[in-house]
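Colleague: Here it is: the structure, laid out below.
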Amino acid sequence: MDLSTDQTESSAPLASENAVEQEAATDNTVLIRGMDLDVFNAAKEGKIDVLREHDPQHLNQILTPTSNTLLHVYIAYASTPKLVKSKEEAPIMPTSFVEDILQICPTLLWQQNESGETALHMAAKHGLAEIVKLLIQTAKAHRCEDLEHGTAAFALSSSSEEEAACWKIFIRTPSKEKDTALHEAVRFKHLGVVEILIREDPDFSYPPNVAGETPLYLAAERKYKALFYEILRTCKHPTYQGPNGRTALHAAVIYGDEEMIREILNKKNDLAIVTDEKGWTPLHYAASYGHASIVIQLLKTDKCSAYMGDEVDKKTALHIAAAKGHVHVMEQLISYCPDCCEVVDQRRRNALHYALKNGQPRISNFVLKDPWLSNVLLNAKDVDGNTPLHLIRASLYTQIPLFIGDDRVDKMAFNKENMNAPDVIKAKYDFIYKIYLANELKRNGASSGHRILSENDNDGQKLKENKGGEDTETNKSIRESHLIVATLVATVTFAAGVTMPGGYYQASDQVNGMSNVSQQNVTAPAPAPTPSNGPTPGYAVLTKNTAFGLFFVFNMLALCLSTFSVLTRLFILTLPEAEVRFIVLRSFIIKITIASVVLMMCAFISCTYAVLSDSPSLANWGLLAGAYLFGLAVYARYFLVQWENSIILRYKLNRLSAIIKSRCHID
């Protein structure tokens with residue numbers, strides 16, 4: 001009677017579950033079942049006795065929503081030091097629960113979760129070396145036939161894997177992201193786990209995962225030296241691949257680790273000429289990052305990489321070093337491969353083209369000192385007929401006087417558009433320093449070629465092929481705004497100077513002793529009687545007021561500066577190349593105008609304070625508003641446009657340095 005009652009009670013939940021499933025199937029609803037809370041807590045805390053109460057054949061079916069098994073749950077929590085049954089009992093050994101649960105349900109060893117991770121992946125990720133060792137020992141102790149339910153989840157593709165031992169297949173099993181347990185151990189820097197996995201299966205060449213990463217590349221990229229050396233020295237057939245076609249050598253070069261580079265080259269020196277998806281060899285990256293000592297290592301291994309160009313532009317390492325301004329790298333490249341300077345890119349540009357185009361004056365000075373480089377690079381033309389001088393940046397004129405003044409440089413060379421260097425500089429109106437550079441070229445014997453003049457050209461100064469000379473909308477807007485602001489300030493300050501705050505003394509004031517302020521309803525007490533029997537008519541009333549004195553000074557300065565700014569702008573219009581000259585002087589003129597605006601505001605504040613001196617509260621509020629305005633102006637000047645100061649200062653220092661060097665060179 002009791003047995004039938006128990007069967008009835010146990011079958012009731014099953015019947016209700018079946019009813020729920022049938023109802024869900026009718027509604028086309030997907031039911032997500034989680035692991036029972038008591039079972040989850042038992043797995044979490046390693047309570048094997050609770051799990052023994054369940055059917056051993058169905059333990060592998062107790063899963064979380066992402067198909068994590070009881071073993072996955074336990075390992076995730078085993079990484080924390082909380083495996084204690086109670087305060088009275090001793091801590092549970094991490095491996096004891098794993099050993100017991102695998103004896104009850106061996107298929108849990110191979111079972112994967114939704115991400116394709118086995119218990120070995122989870123243990124390697126958390127650095128549980130003892131559990132990793134136990135899992136491998138358990139895999140060795142069982143035959144694959146004993147784990148047929150678990151092995152059904154794995155699809156072995158290569159014949160080598162099919163011939164491998166069952167436990168080796170277990171170690172090599174990838175997740176859905178193609179990560180092996182070794183990938184996880186390296187990613188989270190667990191040296192003990194790496195040592196176990198590599199020494200158990202040293203013959204396996206670990207393939208890259210979905211992201212293109214091999215364990216060795218991960219160790220090199222993350223600069224995990226101990227893990228890197230362990231894999232490279234213990235694994236018999238290490239794989240070096242990385243993402244984007246890179247290798248572990250690329251990663252070591254990028255991060256500048258000479259010891260890793262030495263180990264890799266000793267093991268596999270042909271990686272020195274392997275290119276990535278961009279066509280860059282490790283030497284390209286060493287040149288880009290300025291690692292001169294690494295450049296020496298790579299060139300000693302294989303000099304061919306010095307002549308290899310990339311996929312897009314066919315740039316060599318010498319091109320890249322020149323563009324970056326790494327003189328010390330160029331020195332090593334030229335010392336090991338003197339003729340690599342003859343290699344040009346897709347547009348037939350050499351290293352000096354790249355240096356001058358990217359504003360690297362140190363490279364030009366280095367080239368001038370070397371007779372061989374000077375012979376090859378100075379006057380070489382690209383596919384458009386441009387020499388390096390055609391591509392020079394105008395802002396460099398103060399830094400390259402030696403290059404422009406060198407007699408070996410052909411300053412009158414013409415490109416395929418019949419333009420020489422002065423023509424190109426003249427065509428680029430957007431260059432702030434173009435006039436200075438043109439004068440520097442002219443002083444050294446270069447002048448406009450006059451080969452392609454416009455039909456309506458009056459004095460031979462306008463080029464027909466002037467693509468950069470059109471006046472931009474930005475420049476027009478700046479000129480118009482500047483002229484309007486300067487004129488407005490001049491008008492306002494002039495009006496304020498004519499109509500003084502506080503008004504003037506009237507003729508009647510000599511009789512009444514009171515000052516009726518002209519055109520205002522304000523009266524002010526007259527000063528003490530004078531020998532002329534009263535104040536002089538037409539004099540300002542507030543001349544004795546300190547604030548009024550400040551107003552007069554500020555207003556006069558604002559009027560003078562704004563007038564100067566307007567006159568300068570008008571004077572520039574009468575000169576040749578007026579728009580270019582305005583661009584060159586724009587910064588100075590705008591600063592003068594800004595100063596006049598600031599002084600106008602100071603004059604207004606002083607004026608307000610003078611006429612409201614009998615009402616201190618209003619006068620103080622005016623001062624506070626003015627202080628707030630100046631605070632905003634200072635913030636905008638020194639925080640929002642601080643980079644402008646650094647550019648101007650750097651320009652002035654470079655110019656001074658160039659003048660000193662040129663004088664020393666002459667001496």
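The values are calculated or read from the model by the stated rules, or taken from the named source; none is laboratory data. The shown structure was predicted, so the numbers you read here are calculated from the model rather than taken from an experiment. Because the Cβ atoms are built from the backbone with ideal geometry, glycine has one as well, and the counts that use them run over all protein chains shown.
Colleague: Could you give every pair whose Cβ atoms fall below 6 Å, whose first residue belongs to segment 596-607 and is under 16 Å from L561 (Cα atoms), and whose second residue is surrounded by 22 or more Cβ atoms within 10 Å (Cβ to Cβ) and among the aromatic types (F, W, Y), counting only separations of at least 6 or pairs across chains?
Modeller: L599/F554; C602/F554; A603/F551; A603/F554
Colleague: Only residues in segment 402-425 that are more than 20 Å from I452 (Cα to Cα) count as the first member; pair them with residues that are modelled with pLDDT under 85, Cβ under 7 angstrom, at least 6 apart or cross-chain, and list the lot.
Modeller: Listed by first residue and then by second, the contacts come to L402/H665; I404/E440; I404/L441; I404/N444; G405/N444; V409/F403.
Colleague: Taking segment 253-280 only, how many residues are over 21 Å from the mean Cα position of the chain (by Cα) and small (G, A, S)?
Modeller: 2
Colleague: If you don't mind, there's one more thing I want to ask. Could you check, for segment 302-313, whether at least one of its residues is under 21 Å from the mean Cα position of the chain (by Cα) and at negative phi?
Modeller: Looking for residues that are under 21 Å from the mean Cα position of the chain (by Cα) and at negative phi, one finds none in segment 302-313, hence no.
Colleague: Grab the helices (runs of 4 or more DSSP H) fully contained in segment 173-262, keeping just those with 3 or more residues being surrounded by fewer than 24 Cβ atoms within 10 Å (Cβ to Cβ).
Modeller: In segment 173-262, the matching helices (runs of 4 or more DSSP H) lie at 191-200, 225-234.
Colleague: Considering each of N18, N41, N60 in turn, give the residue that is surrounded by 10 or more Cβ atoms within 10 Å (Cβ to Cβ) and at pLDDT below 50.
Modeller: None of the others qualify; the one that does is N18.
Colleague: Also: Tally the residues that are surrounded by fewer than 21 Cβ atoms within 10 Å (Cβ to Cβ), more than 30 Å from L437 (Cα to Cα) and modelled with pLDDT under 70, restricting the search to segment 539-585.
Modeller: 3
For every residue, the table says whether it meets (1) at pLDDT below 75; (2) out of contact with any strand residue (DSSP E or B) (no Cβ under 9 Å at 6 or more places or on another chain); (3) crowded, with 19+ Cβ neighbours inside 10 Å; (4) under 24 Å from H319 (Cβ atoms).
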residue: S395; (1), (2), (3), (4): yes, yes, no, yes
residue: I404; (1), (2), (3), (4): no, yes, yes, yes
residue: A421; (1), (2), (3), (4): no, yes, yes, yes
residue: D430; (1), (2), (3), (4): yes, yes, no, no
residue: Y436; (1), (2), (3), (4): yes, yes, no, no
residue: N439; (1), (2), (3), (4): yes, yes, no, no
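Colleague: Here's another thing I want to ask about it. Any chance you could count how many residues in segment 264-288 are aromatic (F, W, Y) and surrounded by fewer than 18 Cβ atoms within 10 Å (Cβ to Cβ)?
Modeller: Residues in segment 264-288 being aromatic (F, W, Y) and surrounded by fewer than 18 Cβ atoms within 10 Å (Cβ to Cβ): 0 in total.
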